[in-house]
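Trainee: Pasting a structure below so you can have a look.
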Amino acid sequence: MVSSSSNNSSDNTIDPDSITGNRGTAVEIPEEIKDKMRGKSYKEEYASIVGITWDDLRYCQIPYIDFNGNRQIGEMILNKSVAEDALDIFEELYNIGYPIEKIRLIDEYDASDYQSIEDNNTSAFNMRGTNGSEITEGNVSNHSKGVCIDINPQINPWIDGDTGEGTHENAREYWNRDYTQWSNETAKKAYIGEDSEIYRIFTEHGWRWLGGGKESGNSDTQHFDKVN
């Protein structure tokens, strides 16, 4: 079933009319946003390992269509090398009516990748190791650099290539990637696969999708990245 958490997109406190048009904005990270991120998604002790400073990142406000068909403005941190390109992509997604349940800073989940996924939150930057683990030398997720975006991750889950199962029980229906069998019509529209419009849009912009099982045998169907 689609997430029914109290953290639904209608709780968004950003004025949906604060941005004119369908393309978002990317700016240097304001101090009040840095304060939210410190010790959560941005950990000073790992910055040198990751090779990222505040100056490498941008605070993006992104218009999107939520699961109720309403216009919302989301918040996302991205690397400045991909931020403008990502805004172009999200504008295209807005224009085709692709639904996104919510786009919130992962700091609202205490930088817990698991909790953000559980709430079907679309997110990007988070200083962490692979699979949500702690950062060590040689174990740095590209999310730590802000060059990855996870889209509707409950509906587009990570799936083990051997078992065909994921890690979130509330995503069980979506482990089967034949979306025609899903019960929720909005979830069907939010599906990501090689036959979807969102896949076409991201890949035409040069982003890589990890949902095909070609990289590791596992399918990370929520994940797009652009690693230069």
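Trainee: Between residue 53 and residue 162, what is the label-point separation in nm under the 7 Å Cα-to-beta-carbon projection?
Mentor: The two pseudo-label positions are separated by 4.4 nm.
Trainee: About the Cα centre, and with charges only on the beta carbon of Lys, Arg (+1) and Asp, Glu (-1), how big is the dipole of region 10-225? Nearest 20 debye, please.
Mentor: Dipole size: approximately 200 debye.
Trainee: Right, another one. With bins 5 Å wide starting at 0, give me the P(r) of region 10-225 over every alpha carbon pair, in whole percents.
Mentor: 1, 7, 15, 21, 21, 18, 11, 5, 1, 0
Trainee: Could you tell me the relative contact order of the chain? Use alpha-carbon pairs under 8 Å, at least six residues apart, and round to a whole percent.
Mentor: Numbers: 440 pairs, mean separation 42.3, N = 228.
Relative contact order for the chain comes out at 19 percent.
Trainee: For region 76-179, just say rounded, prolate or oblate: build the C-alpha gyration tensor, square-root its eigenvalues into a ≥ b ≥ c, call rounded for a/c under 1.5, and beyond that prolate if a/b exceeds b/c, oblate if not.
Mentor: oblate
Trainee: Post the alpha-carbon centroid distance, region 67-93 to region 113-166, in whole angstrom.
Mentor: Using only Cα atoms to place each centre, the spacing works out to 18 Å.
Trainee: What does the C-alpha gyration tensor say about the overall shape of region 128-228? Classify as rounded when a/c is under 1.5, otherwise prolate if a/b is larger than b/c, or oblate.
Mentor: Since a/c reaches 1.5 but b/c is at least a/b, the shape of region 128-228 is classed as oblate.
Trainee: How would you rank 123, 81, 48, going from fewest to most other Cβ atoms within 10 Å of each one's own Cβ?
Mentor: Placing the least packed residue first, the sequence is 48, 81, 123.
Trainee: Counting pairs on different chains as well as pairs 8 or more places apart, how many Lys pairs in region 10-225 have Cα atoms under 17 Å apart?
Mentor: Final tally of qualifying lysine pairs is 8.
Read-outs throughout are calculated quantities, based only on the coordinates presented, and are distinct from any laboratory measurement. From a predicted model like this one, the values you see are computed outputs, not experimental measurements. Note: ideal-geometry Cβ built from the backbone for every residue, glycine included; neighbour counts use all protein chains shown.
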